[in-house]
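The values are calculated or read from the model by the stated rules, or taken from the named source; none is laboratory data. These numbers come from a predicted model, not from an experiment. Please note: Cβ atoms are built from the backbone with ideal geometry, for glycine as well, and neighbour counts cover all protein chains shown. Areas reflect the complete protein model, heavy atoms only, side chains present, ligands, DNA and RNA absent. Shrake-Rupley method; radii C 1.70, N 1.55, O 1.52, S 1.80 Å.
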Amino acid sequence: MAERSVLVTGGTGGLGGAVTAAFLRAGWRVVVPGREGAATDPAGSGPVRLTADLLEPAGAARAVELATADPAAPLRAVVNLVGGYASGGLVHETPVEEFDRMLRINLRPTYLVTQAALPHLVAAGGGAVVCVSARAAVAPFPGAAGYATAKAAVLAFANAVAVEYRPRGVRCNTVLPSVIDTPANRAAQPDADHRRWVSPAEIAAVIRFLASDESASTSGASIPVYGRA
């Protein structure tokens, strides 16, 4: 029986599947919300799934409620993977609606889920929050000002959580991947050198470490996970 739970948002995506698998192998109870329903493994060997819109406070609260529903496995970690990318023109060519959309899908779910989970992590005696930013947050490239800004905001938010909740035993760290080697990214960039990209499994290993007791002394860190890119 699992003795601790982790809430993994975005756990059905290319990176999310690897993160979910890493926590399951480590013996965690894994709760994975999504926009569409999926069956929970009746044998209990897979993640616990639910349908929830994490862009809305009620959906975030519902996901946290399920993540804290097993008293034998208290919530000890939250992993914020939900986000999205869109490229476009230069800043003067980009509609403000697209800029707002990048902020909404990258920052809002991270804020709402973390906000809902923090009281439970404190009550459980502490825990960890891991957020996913991107290398673009610290090294922007042309045509993605909205994405870079949104990921920089995720990084700033995570650092604020680290400062505010360190006295309460809750740590918060951020990983900054380069291009992730997923089928979707390969399809979008077929001529790129995919060997230089970072794999989902490599990022998942870092995330699991940051959520575990092995990294108990680490909070407020921004971890580059670039592969060879």
Accessible area per residue of the chain at 1.4 Å probe, in Å²?
47
Sulfur and carbon atoms: percent of accessible area, the stretch 67-137 [1.4 Å]
58
Treat each spin label as a single point 7 Å out from the Cα along the C-beta direction, and report the residue 228 to residue 194 distance in nm.
1.5
Integer Hz, Karplus 6.51/-1.76/1.60 couplings in order for the stretch 108-118, x for Gly and Pro
4, x, 4, 5, 5, 5, 5, 4, 5, 7, 4
For labels at residue 217 and residue 205 in the simple 7 Å Cα→Cβ model, what's the distance in nm?
2.2
Running a GNM on the chain with Cα contacts under 10 Å, which residue among 200, 190, 177 ends up with the highest mean-square fluctuation?
190
Checking the a/c ratio against 1.5 first, then a/b against b/c, what shape does the Cα gyration tensor give for the stretch 90-229?
oblate
If you count, for each residue, the other Cβ atoms within 10 Å and average over each peptide, how do 141-148, 128-135 line up from highest to lowest?
128-135, 141-148
Can you give me the relative contact order of the stretch 143-229 as a percent, contacts being Cα pairs under 8 Å and 6 or more apart?
38
Residues with amide H under 5 Å of residue 75's amide H, sequence separation 5 or more or different chain, H placed in the peptide plane at 1.01 Å from N; which?
5
Tell me, what % of the accessible area of the stretch 143-193 is carbon and sulfur with a 1.4 angstrom probe?
55
Net charge of Cβ neighbours under 10 Å - reference residue 2; Lys, Arg +1; Asp, Glu -1:
0
Which whole-angstrom value gives the distance between the alpha carbon centres of the stretch 124-199 and the stretch 57-80?
22
Inter-label distance for residue 185 and residue 2, nm, one decimal - labels placed 7 Å from Cα along Cα-to-Cβ
2.6
Size of the dipole of the chain about the Cα centre, Lys and Arg at +1 and Asp and Glu at -1 on the beta carbon, nothing else charged, in debye to 20?
400
Only Cα pairs within less than 10 Å get springs; with that Gaussian network setup on the chain, which residue of 196, 171, 108 has the largest fluctuation?
196
Can you sort 223, 207 by solvent-accessible area, 1.4 Å probe, largest first?
223, 207
Length gained when the stretch residue 115-residue 160 is fully extended (0.36 nm per residue, less Cα-Cα span)
15.0 nm
With n ≥ 4 as the cut-off for DSSP H runs, can you work out [θ] at 222 nm for the chain, using -39500 (n - 2.57) per run divided by the number of residues, rounded to the nearest 500?
-13000 deg cm²/dmol
Here the FRET efficiency for residue 58 versus residue 122, based on Cβ atoms and R0 = 25 Å and rounded to 0.05, is 0.70
